[in-house]
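Here, each number is a calculation from the coordinates, and none is a lab measurement. Here the structure is a predicted model, which means the values were calculated and not measured. No Cβ is skipped: glycine too gets one built from the backbone with ideal geometry, and neighbour counts run over all protein chains shown.
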Amino acid sequence: MTALLANAARVLALSLLAGVSFCALAETRVDDAWVRTTVPGQPASGAFMRITADTDSKLLSVSSPVANNVQIHQMSMTNDVMHMGPVDSVPLPAGKTVALDPDGYHVMLMGLNGQIKEGDQVPLTLTVENAKGVREAIEVKAPARGMMDSMDMGHDHGSMH
Amino acid sequence: MNELLTRRQVVTGMGLLGLGLLAGCDGSTTALDFKYGKDLSNKIMGRTFKLTDTQGEVKTLSSYRGLMPMVFFGFTQCPSVCPTALARAAQIKKIMGEDGKTLQVIFITVDPERDTPQILDAYVKQFDPSFVALRGTLEQTQHVAKEFGVFYEKEPIGDTYTMSHTATSFVFDSRGNLRLGLSPSLSAKQCAVDLTTVMEVC
């Protein structure tokens, strides 16, 4: 019994450490969510994560109490010119992990209520709709990471050449 | 194909000749042979700029003489390419070790309306305390972007906006000649290789 409890505590601690709170019934999994820290007065930041839906779905929107205006944007690069703009939704094909990272789709947190500091846990609510039109809300706690930290998030820019 | 090869040979030849000339520090800007980046030695662009730093001082290219300035255009609300480029610049400095001390990273905002000197200063310094940020009026910003062939544009979203912009890093040699354009797709290591080539100029 004690062992069981200890195990449960460990699982809880691990999930807290990972900064991801997940619902056992959820059809969509969110991993490695993080938010970029800001400097005082900086009114916007970005949130990044990996999303895996088990049926064909789409990410419709994201909300957060830390920002007045949360949008999903897409970054694209053509001839070294970076283009940025909002998208209506992000397709989440069944079983495929879709990355919201600095090289593509990402969540823009605009009109921030305050500075986002290293170690903050930023609550995010993702609204995902499956092919049947059923909507699911996924709660995520994304830890805030500093500028230099985010460099190690596994995007190797050198691989393109 | 044949023509291409010939052209390449010519360029290589010019590069070799250039090395000889440059050894004498005659102020020429003969083409350099870069492994990853784009040689900008002979482009009529990026000749200078006149902007204000975060302390309110007017800065031009000659303010950084003796250093190797690396200029990047961006805005602090940029979620991806700007922090990635500045974090890469900080990594490059580390990779280059002692040589990295001559690398002067200069962040020029394309969003002077929202990027106040205070925000800019705190923003660039979190990557490396040696980084500086420059800012101009809307006209000055337009002018400097044109001088560097940099594209930037507001993308309206509701009552606010984000921005699209050129993500190239522009590198000058220590005498103020524009030399190298580094694509955002290059790694810190690759950039460091080409920056070493710029350093060898005089």
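Quick notes on this one:
- Looking only at the range A:25-39, and only at residues there that are within 14 Å of another protein chain (Cβ to nearest Cβ) and part of a strand (DSSP E or B), the one that is farthest from the chain's Cα centre (by Cα): A:R36
- In the range A:114-126 there is at least one residue that is more than 29 Å from B:R88 (Cα to Cα) and touching a Ser or Thr at 6+ places or on another chain (Cβ under 8 Å).
- Residue in the range B:113-133 that is surrounded by fewer than 22 Cβ atoms within 10 Å (Cβ to Cβ), in contact with a strand residue (DSSP E or B) (Cβ under 9 Å, 6 or more places away or on another chain), touching a residue at least 60 places away in the same chain (Cβ under 8 Å) and within 29 Å of A:M49 (Cβ to Cβ) present: no
- Test: residue in the range B:62-72 that is facing another protein chain (nearest Cβ under 9 Å) and of a type outside the set (D, E): no
- Within the range B:152-181, being more than 9 Å from chain A (Cβ to nearest Cβ) and farther than 30 Å from A:N68 by Cβ holds for B:S169, B:F170, B:V171, B:F172, B:D173, B:S174, B:R175, B:G176, B:N177, B:L178, B:R179, B:L180.
- Selection count where residues are touching a residue at least 24 places away in the same chain (Cβ under 8 Å) and either outside any helix (DSSP H, G or I) or farther than 19 Å from B:G181 by Cβ (or both), scope the range B:57-66: 4
- Selection within the range B:134-176 - within 15 Å of the chain's Cα centre (by Cα) and among the aliphatic types (A, V, I, L, M): B:L134, B:V144, B:A145, B:V150, B:A167, B:V171
- Of the strands (runs of 3 or more DSSP E) lying entirely inside the range A:40-129, those containing at least 3 residues that are within 14 Å of another protein chain (Cβ to nearest Cβ) are A:44-53, A:67-78, A:81-86, A:105-112.
- When B:E200 is tested against the conditions (1) away from chain A (no Cβ under 11 Å); (2) under 15 Å from the mean Cα position of the chain (by Cα), the lone failure is (2).
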